[in-house]
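Participant: Before I ask anything, here is the structure I am working with.
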Amino acid sequence: MDSALRITQGKPLPFGASSTEKGVNFSLFSRHASSIILSIFKNQDDSEPYFTYTFDPEKDRTGDIWHIFIEGLQAGALYLYRADGPFAPEKGHRFNKNIYLLDPYAKALTATSLFRNLPADYVTPADSLDIKLGKTSDARWFPKCVVIDDSFDWQGDRPLNYPLRKSILYEMHLKGATANPNSDVHNPGTYRGLMEKIPYFKDLGITSIELLPLQEFDEYENTNTNPKNGERLKNFWGYSTMAFFAPKASYAADKKPGKCVTEFKEMIREMHRAGIEIILDIVFNHTAEGNEHGITMNFRGLDNSIYYILEKSNKSYYSNYSGCGNTLNCNHPVVRDFIIDCLRYWVCEMHVDGFRFDLGSILGRDSSGNLLEDPPVLRRIAEDPVLRNTKIIAEAWDAGGAYQVGSFPGGRWAEWNDRFRDDVRKFWRGDDGMSNALATRLAGSSDLYLRDGRKPFHSVNFLTSHDGFTLNDLVSYNGKHNEENGEDNRDGSDNNSSYNYGYEGPSTNPAIEKIRSRQVKNFIFTMLLSQGTPMLLAGDEFRRTQNGNNNAYCQDNESTWIDWNLRNKYQEIFRFTKRLILFRRKHHAFMRPEFFQGKDISFNSLPDITWFDEAGVPPDWNRINHFLAYRLDGSHAEIFADTDDNDFFIMFNSSLKDKTVRIPLPPSGKMWYRCIDTSAEAPDDFMSPGEEEILPVQNRYILPARSCALLMSK
């Protein structure tokens, strides 16, 4: 024992390592452990601790919580736990006092890769002869938990918490955003690197960046190799969390232990200063410990039977509703509290604005894996007073067969709307009979969200995301090309609703390139002018490609990093997207807080929305095909607005033929002006404000094949 350190009883709450002027309080949950051992290290690559303390179960324990206070210890200290208890997998227990464990509440880890440094002859710890003989695992290969000083000069910053309906989401991988040498930043692939891109984000006009998981994970857990070049692949996306409270250390420019916390806070503060929210993709459905053949890191070694859903017939095996080996027991009261504590920490201490919950349906399963009608953890997240203004967005399905889009329980949850994605993709591909579905998606998906009292903005409308094709690849490939993932192209979805327009992959044919760019504009137009909350995939605004890979989770290289040179190559697409974002944010008719009533709510004799076929009459919904148009009444579109919005007439033509469209007369005293037409060459595809073109014939418009247009009354 270090003579400079003095042990006192400590407090059971808060959990984790809490630094004070006098020392550090350690608090850890374990119901079934017989003993807890705390080890303190001086350096991140130390094999052995310089200080070890075994908790006294009589004086260092309150209920199921083990706790001590170490006077003289300071922020920056490195620590790990070990836990003794029964090793009886058939009963759900996997204690082993010789395995180092992470603190589930650790606020930072050292940047050590456990998987990269595993010995060549490594086997699962429970089966290792050295472990059975009592040899403690080598701490060199294990990330250390870092005691954090929570003080930070926020300079008055608070989460922005924009209303969902006024938000434009932008999904992005933090490292992939600036890792490319052409990103033109001083700190590529880091929190600081993303800060350097703030002027770009402001110029584009998005309100909220949704970051792929950056809670600590180990990218080297993937042992596959690229069959084309033999290089080891990685877990690039990060959907395999090791420490839920800890921002990823390797994403910090300063690699010293704990600096990732400071850099993350700096990034948040500066993003907020620029008016940009940060939403975190968070993975409470499973952990990096895997199945019964996985590696014990924290939860499994601290109280396996509580943290995980285990098979009832044999608790040696893990229920796998995540497709990743294990499933967190989210509705157990202890795990439920852990989730709430984690979300509150990221909001209160790290100032994030919201969360996207990966495979969110798992949070609705009970300890037997059954879906609950009103899951306690989902209800608690929605009703938690601290999180009340925080965005909560569910991926409303899981890998165990649950699909809850439109019926996700728990109150105010928004959802990734994959029905929007699929229906809009099929319409623009030219599939028959999709006009009805398009109308429903344009109007906010009332078929999904009206019946339980939610609003149009609870539909997160997206066409592409990290998982699947980019928008460029959606119009460039008929099938996936995942050969470099090392799985013989078996991975990734085969249901992409994509089309290559005559050639698979990159093309130098001007006609093919022209139709691809037009279709990209059609997609962006449709998404940004639909009721609901739009989400754009980073780089789609200048046709970023992944070369046909629709499951690029393992590619940490230039195939997934944003290629910023494309911004210059596809300036036309960038300009179109930027203007459309600004157009949406300016016109509240596209951000309605309520579903359309289909009747006159503004007492001006016009319904709030009126649908038309190409002949200018109400469509026969049983026959309309490849075309749709509607008139949007802008009056009273915004509650408490000082002025009414414009009226709009919007047309969609996915057929192979031009359409002569009969359009209704504009409001009395006004004229129709052409604002947007995706068939026109830039800059005429999107007219500058004030320079819109008056229609020479006010009741007719020729809409070319595979294009859409917007007319505005003024």
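The values are calculated or read from the model by the stated rules, or taken from the named source; none is laboratory data. Small disclaimer: the values here were computed from a predicted structure and weren't measured. Backbone-built Cβ (ideal geometry, glycine too); neighbour counts: all protein chains shown. Surface accessibility is based on the protein's heavy atoms, side chains included, excluding ligands, DNA and RNA. Shrake-Rupley method; radii C 1.70, N 1.55, O 1.52, S 1.80 Å.
Conditions tested, residue by residue: (1) within 27 Å of Tyr307 (Cα to Cα); (2) among the aromatic types (Phe, Trp, Tyr); (3) touching a residue at least 60 places away in the same chain (Cβ under 8 Å); (4) touching a Lys or Arg at 6+ places or on another chain (Cβ under 6 Å).
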site: Glu216; (1), (2), (3), (4): yes, no, yes, yes
site: Asn235; (1), (2), (3), (4): yes, no, yes, no
site: Phe245; (1), (2), (3), (4): yes, yes, yes, yes
site: Lys256; (1), (2), (3), (4): no, no, no, no
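Participant: Give me the pairs, please: first residue somewhere in the range 99-116 and under 9 Å from Lys144 (Cα atoms), second residue anywhere and assigned to a loop (DSSP other than H, G, I, E, B) and aliphatic (A, V, I, L, M), beta-carbon distance under 6 Å, and either six or more positions apart or on two chains.
Facilitator: Partner pairs satisfying both residue conditions: Leu102/Met297; Ala108/Ile148.
Participant: Hey, can you tell me all the residues within the range 302-311 that are in a loop (DSSP other than H, G, I, E, B) and either of a type in the set (Asp, Glu) or at pLDDT below 95 (or both)? Outline the logic, then answer.
Facilitator: Initially, the range 302-311 is screened for residues in a loop (DSSP other than H, G, I, E, B), giving 309, 311.
Result: Glu311, single match.
Participant: Something else: Can you name the residue in the range 540-568 that is open to solvent by 20 Å² or more (accessible area, probe 1.4 Å) and out of contact with any Asp or Glu (no Cβ under 9 Å at 6 or more places or on another chain) and, of all such residues, is nearest to Trp237 (Cα to Cα)?
Facilitator: By that ranking, first place goes to Trp561.
Participant: Scanning the range 314-338 for residues that are in a helix (DSSP H, G or I) and touching a residue at least 60 places away in the same chain (Cβ under 8 Å), which turns out least open to solvent (accessible area, probe 1.4 Å)? Reasoning before the result, please.
Facilitator: Initially, the range 314-338 is screened for residues in a helix (DSSP H, G or I), giving 333-338.
Adding the requirement that they be touching a residue at least 60 places away in the same chain (Cβ under 8 Å) leaves 334, 338.
Values: Val334: 33, Phe338: 7 Å².
Only one residue tops the list, namely Phe338.
Participant: Ok, one more. Which one of Asp452, Asp431 is farther than 19 Å from Glu415 by Cβ and part of a loop (DSSP other than H, G, I, E, B)? Spell out how you get there, then give the answer.
Facilitator: Working: Asp452 fails: farther than 19 Å from Glu415 by Cβ.
Being farther than 19 Å from Glu415 by Cβ and part of a loop (DSSP other than H, G, I, E, B) holds for just one of Asp452, Asp431, which is Asp431.
Participant: Further, regarding this structure: Return only the number of the condition from (1) of a type outside the set (Gly, Ala, Ser); (2) part of a helix (DSSP H, G or I); (3) under 19 Å from Gln215 (Cα atoms) that Asn285 does not satisfy.
Facilitator: Here Asn285 meets the rest and fails (2).
Participant: May I pose another question? Sort through Asp608, Asp620 and tell me the only one that's open to solvent by less than 50 Å² (accessible area, probe 1.4 Å) and under 20 Å from Leu442 (Cα atoms). Break it down stepwise before answering.
Facilitator: Details: Asp620 fails: open to solvent by less than 50 Å² (accessible area, probe 1.4 Å).
Testing whether each residue is open to solvent by less than 50 Å² (accessible area, probe 1.4 Å) and under 20 Å from Leu442 (Cα atoms) leaves just Asp608.
Participant: Filter the range 339-380 down to residues that are assigned to a helix (DSSP H, G or I), hydrophobic (A, V, I, L, M, F, W, C) and touching a Phe, Trp or Tyr at 6+ places or on another chain (Cβ under 8 Å), then give me how many there are. Break it down into steps so the answer makes sense when it comes.
Facilitator: So in the range 339-380, the residues assigned to a helix (DSSP H, G or I) come out as 339-348, 360-364, 376-380.
This time we only want the ones that are hydrophobic (A, V, I, L, M, F, W, C), so: 339-340, 342-343, 346-348, 362-363, 377-378.
When the remaining residues are screened for being touching a Phe, Trp or Tyr at 6+ places or on another chain (Cβ under 8 Å), the result is 339, 342-343, 346, 362-363, 378.
Total satisfying the criteria: 7.
Participant: For the range 26-61, which residues satisfy the criterion of being open to solvent by less than 10 Å² (accessible area, probe 1.4 Å) and of a type in the set (S, T, N, Q)? Reasoning before the result, please.
Facilitator: Initial filter on the range 26-61 (open to solvent by less than 10 Å² (accessible area, probe 1.4 Å)): 26-28, 30, 33, 36, 38-41, 51, 55, 60.
Hits for the range 26-61 are Ser27, Ser30, Ser39.
Participant: Determine, yes or no, whether Ala615 is touching a Lys or Arg at 6+ places or on another chain (Cβ under 6 Å) and either modelled with pLDDT of 95 or more or loosely packed, with under 15 Cβ neighbours inside 10 Å (or both).
Facilitator: Criteria met by Ala615.
Participant: Tell me whether the range 270-277 contains one or more residues that are closer than 21 Å to Val146 by Cβ and not aromatic (Phe, Trp, Tyr). First the steps, then the outcome.
Facilitator: Of the range 270-277, the ones closer than 21 Å to Val146 by Cβ are none.
The answer is no, given that none of the residues of the range 270-277 is closer than 21 Å to Val146 by Cβ and not aromatic (Phe, Trp, Tyr).
Participant: Would you mind listing the helices (runs of 4 or more DSSP H) fully within the range 497-614 where at least 1 residues are on the phi < 0 side of the Ramachandran plot and among the β-branched types (Val, Ile, Thr)?
Facilitator: Working: elements: 510-528, 566-569, 571-586.
Correct list: 510-528, 571-586.
Participant: A further question follows. When only residues in the range 661-690 that are over 21 Å from Ile524 (Cβ atoms) and free of Cβ contacts under 8 Å to residues at least 40 places away in the same chain count, which is least open to solvent (accessible area, probe 1.4 Å)?
Facilitator: Per the stated criteria, the residue is Gly690.
Participant: Separate question: From Met671, Met712, grab the single residue that is of a type in the set (A, V, I, L, M, F, W, C) and out of contact with any Leu (no Cβ under 8 Å at 6 or more places or on another chain).
Facilitator: Details: Met671 fails: out of contact with any Leu (no Cβ under 8 Å at 6 or more places or on another chain).
Criteria check complete, one pass: Met712.
Participant: For the range 469-484, give me the residue count where each residue is within 22 Å of Glu415 (Cα to Cα) and either polar (S, T, N, Q) or surrounded by fewer than 24 Cβ atoms within 10 Å (Cβ to Cβ) (or both). Walk me through it before giving the result.
Facilitator: Filtering the range 469-484 for residues within 22 Å of Glu415 (Cα to Cα) gives 469-471.
So of that shortlist, the ones also either polar (S, T, N, Q) or surrounded by fewer than 24 Cβ atoms within 10 Å (Cβ to Cβ) (or both) come out as 470.
Counting residues in the range 469-484 that are within 22 Å of Glu415 (Cα to Cα) and either polar (S, T, N, Q) or surrounded by fewer than 24 Cβ atoms within 10 Å (Cβ to Cβ) (or both) gives 1.
Participant: Only one of these is at pLDDT 95 or above and among the small types (Gly, Ala, Ser): Ala126, Ala83, Ala120. Name it.
Facilitator: Values: Ala126 fails: at pLDDT 95 or above; Ala120 fails: at pLDDT 95 or above.
None of the others qualify; the one that does is Ala83.
Participant: Only one of Leu214, Leu160, Leu164 is modelled with pLDDT of 95 or more, of a type in the set (A, V, I, L, M) and open to solvent by less than 10 Å² (accessible area, probe 1.4 Å); which? So that I can check it myself, show each step before the final result.
Facilitator: Values: Leu160 fails: open to solvent by less than 10 Å² (accessible area, probe 1.4 Å); Leu164 fails: open to solvent by less than 10 Å² (accessible area, probe 1.4 Å).
Unique residue meeting the criteria: Leu214.
Participant: Quick check on my filter: what residues within the range 96-115 are out of contact with any Asp or Glu (no Cβ under 6 Å at 6 or more places or on another chain), of a type in the set (A, V, I, L, M, F, W, C) and part of a strand (DSSP E or B)?
Facilitator: As a first pass, look at the range 96-115 and keep what is out of contact with any Asp or Glu (no Cβ under 6 Å at 6 or more places or on another chain): 96, 98-108, 110-112.
If we keep only those that are of a type in the set (A, V, I, L, M, F, W, C) too, we end up with 99, 101-102, 106, 108, 111.
Passing the criteria: Ile99, Leu101.
Participant: Taking the range 182-196, which residues are part of a loop (DSSP other than H, G, I, E, B), within 19 Å of Glu210 (Cα to Cα) and either within 19 Å of the chain's Cα centre (by Cα) or aliphatic (A, V, I, L, M) (or both)?
Facilitator: First, pick out the residues of the range 182-196 that are part of a loop (DSSP other than H, G, I, E, B): 184-190, 196.
Still in the list and also within 19 Å of Glu210 (Cα to Cα): 188-190, 196.
Residues satisfying the conditions are Gly189, Thr190.
Participant: In the range 387-401, how many residues are open to solvent by less than 60 Å² (accessible area, probe 1.4 Å), over 22 Å from Ser319 (Cβ atoms) and not in a strand (DSSP E or B)?
Facilitator: Of the residues in that region, 2 qualify.
Participant: Scan the range 576-607 for residues that are of a type outside the set (Ser, Thr, Tyr), within 17 Å of Pro664 (Cβ to Cβ) and modelled with pLDDT under 80 and jot them down.
Facilitator: Gly598, Lys599, Asp600, Asn604
Participant: Sticking with this one: Out of Phe87, Phe69, which single residue is open to solvent by 30 Å² or more (accessible area, probe 1.4 Å), touching a Ser or Thr at 6+ places or on another chain (Cβ under 6 Å) and not small (Gly, Ala, Ser)? Please lay out each step first, then the result.
Facilitator: On the way: Phe87 fails: touching a Ser or Thr at 6+ places or on another chain (Cβ under 6 Å).
Being open to solvent by 30 Å² or more (accessible area, probe 1.4 Å), touching a Ser or Thr at 6+ places or on another chain (Cβ under 6 Å) and not small (Gly, Ala, Ser) holds for just one of Phe87, Phe69, which is Phe69.
Participant: Please enumerate the residues belonging to the range 229-261 that are small (Gly, Ala, Ser) and either part of a helix (DSSP H, G or I) or surrounded by 21 or more Cβ atoms within 10 Å (Cβ to Cβ) (or both). Talk me through it step by step, then tell me what you get.
Facilitator: Step one: filter the range 229-261 for residues small (Gly, Ala, Ser), giving 230, 238, 240, 243, 246, 249-250, 252-253, 258.
Passing the criteria: Gly238, Ser240, Ala243, Ala246, Ala249, Ser250, Ala252, Gly258.
Participant: Against the condition modelled with pLDDT of 95 or more, open to solvent by 10 Å² or more (accessible area, probe 1.4 Å) and at negative phi, how does Asp645 come out, does it pass?
Facilitator: On the way: modelled with pLDDT of 95 or more: no; open to solvent by 10 Å² or more (accessible area, probe 1.4 Å): yes; at negative phi: yes.
No: the conditions fail for Asp645.
Participant: Out of all the residues in the range 434-464, which are of a type in the set (Gly, Ala, Ser) and crowded, with 24+ Cβ neighbours inside 10 Å?
Facilitator: Our first condition is that a residue be of a type in the set (Gly, Ala, Ser); within the range 434-464, this holds for 435, 437, 439, 443-446, 453, 459.
Gly444, Ser445, Ser459, listed by residue number.
Participant: Right, here's the next one. Report, ordered by the first and then the second residue, all pairs with beta carbons closer than 7 Å, sequence separation of six or more or different chains, a first member in the range 356-384 that is of a type in the set (Gly, Ala, Ser) and open to solvent by less than 10 Å² (accessible area, probe 1.4 Å), and a second member that is modelled with pLDDT of 95 or more and in a helix (DSSP H, G or I).
Facilitator: Every condition considered, the pairs that remain are Gly364/Leu378.
Participant: To continue, here is another question. Checking Asp431 against (1) open to solvent by 10 Å² or more (accessible area, probe 1.4 Å); (2) within 18 Å of Asn549 (Cα to Cα), which single condition isn't satisfied?
Facilitator: (2)
Participant: Does any residue in the range 294-312 that is open to solvent by less than 10 Å² (accessible area, probe 1.4 Å) come within less than 6 Å, Cβ to Cβ, of a residue that is among the charged types (D, E, K, R) six or more places away or on a different chain, and which pairs are these?
Facilitator: If the second residue must be among the charged types (D, E, K, R), the pairs left are Met297/Glu289; Arg300/Arg94; Arg300/Glu289; Asp303/Arg31; Asn304/Arg94.
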